Structure formats: structure tokens, C-alpha cells
1. When segment 310-323 is examined, which residues are found to be open to solvent by less than 30 Å² (accessible area, probe 1.4 Å) and either in a loop (DSSP other than H, G, I, E, B) or over 16 Å from PRO53 (Cβ atoms) (or both)?
2. If the requirement is being of a type outside the set (A, V, I, L, M), more than 22 Å from LYS55 (Cβ to Cβ) and open to solvent by 10 Å² or more (accessible area, probe 1.4 Å), which of these qualifies: GLU167, GLU124, GLU108?
3. Could you list all residues from segment 254-266 that are out of contact with any Cys (no Cβ under 7 Å at 6 or more places or on another chain) and either assigned to a strand (DSSP E or B) or open to solvent by 10 Å² or more (accessible area, probe 1.4 Å) (or both)?
4. For segment 136-164, which residues satisfy the criterion of being open to solvent by less than 10 Å² (accessible area, probe 1.4 Å) and either more than 19 Å from ALA211 (Cα to Cα) or not in a helix (DSSP H, G or I) (or both)?
5. Looking at segment 88-98 only, could you name the residues that are free of Cβ contacts under 8 Å to residues at least 40 places away in the same chain, assigned to a loop (DSSP other than H, G, I, E, B) and open to solvent by less than 40 Å² (accessible area, probe 1.4 Å)?
6. For segment 200-223, which residues satisfy the criterion of being open to solvent by less than 10 Å² (accessible area, probe 1.4 Å), touching a Phe, Trp or Tyr at 6+ places or on another chain (Cβ under 9 Å) and part of a helix (DSSP H, G or I)?
7. Among the residues of segment 169-180, is there at least one that is in a helix (DSSP H, G or I), at pLDDT below 95 and over 19 Å from the mean Cα position of the chain (by Cα)?
Amino acid sequence: MKSNSAPLASSPSYHTAPMPRRGFLRSLGASVGGLALPTLLASELRAAPSNLPMKLGLATNGFNNLTNDEMAQLAADAKLDCVQLFFTQKDSNYWRYNRPVDVSAVTEAECHRIEKAYRSRGLEIQALGVYANLIEPDEAEREKNFRYFADMMRIAQTMNVRMLLSECGSVIVPGKGRDLSASLDERTWPRLVEITRRLIPLAEKHNVTIAIESYFQDLLGSATAVRYFMEEINHPRVRALLDPANLLPHNTVEEMFNALAPYIVALHAKDRKLHVTQGVAAGKGDVDYRKYIALARKHCPNLPLVLEYVNPKTYQAALAHVRSFL
């Protein structure tokens, strides 16, 4: 996930906050391109081997012209297994990227109505998309993002969904785009850690896992940075969503799994050309899907691969590309 329509507001001044256990991780990992990547994986966190076919799903945020019933029918007709549900459909328009949203209209009855559209067609709702800005520098605005995340946990529990998706967030200047200097400022790391730790008791209360997606122009911009974050938070309610297109400029696919396999609870399938900011549908960029799927089968074989950055006109080609490697 990453909104790809906004221009960059400034060039990055790559400030980095001190991160924990660097020496320890370097002692475990090989240095690749100047970055230390851990090679030992926590075997107790790996998914059990599976001989079942890899499940496939769709993120619903590219289908905002469809109702939930229409979206669910499209996914069922495509013989998919699950969706990552964003409140972006015509009859449930409650989502904005990197911003808090008032979801008070998503009552218990509304939750069950939306949930029924998918589950009645045999589709699992793997996760709800949140994507709040967890590094927002303004304390009052950051608190709004926190409350929004908490509200989405309540909705997830009502819908019997066990995962919420987010990035760490970006500082976005209206009319100008992402301010990389502000997003990568050393003060953002403690803000991210603090708000994440505040969310953990709520995640336990509502029985959900927070899956953090990385992106190469964010604070968690490499597999190593995500690994440092997981080490510092050190809690099973906070895990990683791997989207190789989002880390492609900084890591090989092997490096991504080497660093993150113990923590991965969700997988995205989109693409990106090297040295290009904008993401594209699977098969339209430089992600090696043969290698990606082989490593996903090895390290987390029971997780579905969820297509993103597709819409009613493009999902079939992307799905065919992914299925060609299954």
C-alpha cells in the first residue's frame, strides 16, 4: 500500500534514529550493500509446512466503484480465497490514506451487513486496511490517528477479523506531497515506537494483530529497518506485511525474507520498476515473482498472496501472472 499520486515535497535528509541491537544483528547477518541483515530465523514463529495450494486474495481499495456485494461477487467469480477489506466501496466509503476517518457510522449492524457480503460467498476477510499516520508530528492530530486505529480494532472484532494493516505513515504536505525530511527525521522513531506500544493493549483486548507494511521512502524503508522495529517492539501482536515491490529499491527478495520471515503475517502482490516511485500491478515491473513465490512457499506457505494496485480492468491480468508461478 502506498498512495502514489502525490509528488515529493523535498529531498530526503536521511536522519536515522538509533535502533536497538545493531551489534547483535550484525553478528548474525551478512553485510549486504552496507546493511546488516540477520540470517538466523526464529523457527518457532515460522509457518508450518503445507502442501496445500497457495491461497490468493484481493485488496478491495482499487474497486471503489463497486458495492460490497459486487466486490465480493467479483472475487468469488475469480475463485479467490480472501480479501483485505478497505472501507472504499460505494456503500461503505469510510477510508482515506494516511488520515483518520470518522467510522462511527460503521455500527454493529453495518459490520455484519458488510461481513455477510464476503463470507456468504465463501471468502475470508483476512484483514482490514487502516493505514493511519503513526508518526504524525502534531500531538493532537496523532491522537486522532490513534483513536481511529482503536475504532478500527473495535470494528475488526465485531466482524471477526483478526488483522489490521497499516504503514508507519508519512508526513504529507497538502498540495505538495510527501515531506521526506520530516518523515525520516530522527524524532519520528520514538513517536512510532510510543504509539505502537500504546496500541498493543487494545490489540490484545480486541484479539487482533497489527501488520505493518514497509515502504522504501518511509522510516521503515528497508528490511533491516523493519527488523529493528520488530526487535524493539518485541510483541507478537505487532508483525510485518511483506510487499517486495515496496522494498525493491533497497533489498533483494532473498534479503527481505532473510530479515523478516519470522515476523511476516501477510503478503502483498504488486510490482514496481526499479528506480521508479509509482507502483503498478503484478507483472508490470521488476519483482521476480518466480523467486518471490518460491520463498513465500518456503517461509510462510500458509499465508495468502493478496493482489494490490489492481482494479476491475487490470486484476485479471495480474492474477494470471501470479497464478503462472503457483
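1. Filtering segment 310-323 for residues open to solvent by less than 30 Å² (accessible area, probe 1.4 Å) gives 310, 315, 318-319, 322.
Of everything in segment 310-323, those that are open to solvent by less than 30 Å² (accessible area, probe 1.4 Å) and either in a loop (DSSP other than H, G, I, E, B) or over 16 Å from PRO53 (Cβ atoms) (or both) turn out to be VAL310, TYR315, ALA318.
2. GLU108
3. Answer for segment 254-266, where residues must be out of contact with any Cys (no Cβ under 7 Å at 6 or more places or on another chain) and either assigned to a strand (DSSP E or B) or open to solvent by 10 Å² or more (accessible area, probe 1.4 Å) (or both): GLU254, GLU255, ASN258, TYR263, VAL265, ALA266.
4. Of everything in segment 136-164, those that are open to solvent by less than 10 Å² (accessible area, probe 1.4 Å) and either more than 19 Å from ALA211 (Cα to Cα) or not in a helix (DSSP H, G or I) (or both) turn out to be MET159, VAL161, LEU164.
5. The one that is free of Cβ contacts under 8 Å to residues at least 40 places away in the same chain, assigned to a loop (DSSP other than H, G, I, E, B) and open to solvent by less than 40 Å² (accessible area, probe 1.4 Å): TRP95.
6. Scanning segment 200-223 gives a single hit, ALA223.
7. yes
One line per residue, one yes/no per condition, for (1) touching a Ser or Thr at 6+ places or on another chain (Cβ under 8 Å); (2) part of a loop (DSSP other than H, G, I, E, B):
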site	(1), (2)
ALA76	no, no
GLN84	yes, no
PRO100	no, yes
VAL103	no, yes
GLU110	yes, no
GLU115	no, no
TYR118	no, no
ASN133	yes, yes
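The values are calculated or read from the model by the stated rules, or taken from the named source; none is laboratory data. Predicted model only: the values in this text are computed from it and were never measured. Methodologically, a virtual Cβ is constructed for each residue, glycine included, from the backbone with ideal geometry; neighbour enumeration extends over all protein chains shown. The area values use the complete protein model at the heavy-atom level, side chains included, leaving out ligands, DNA and RNA. Shrake-Rupley method; radii C 1.70, N 1.55, O 1.52, S 1.80 Å.
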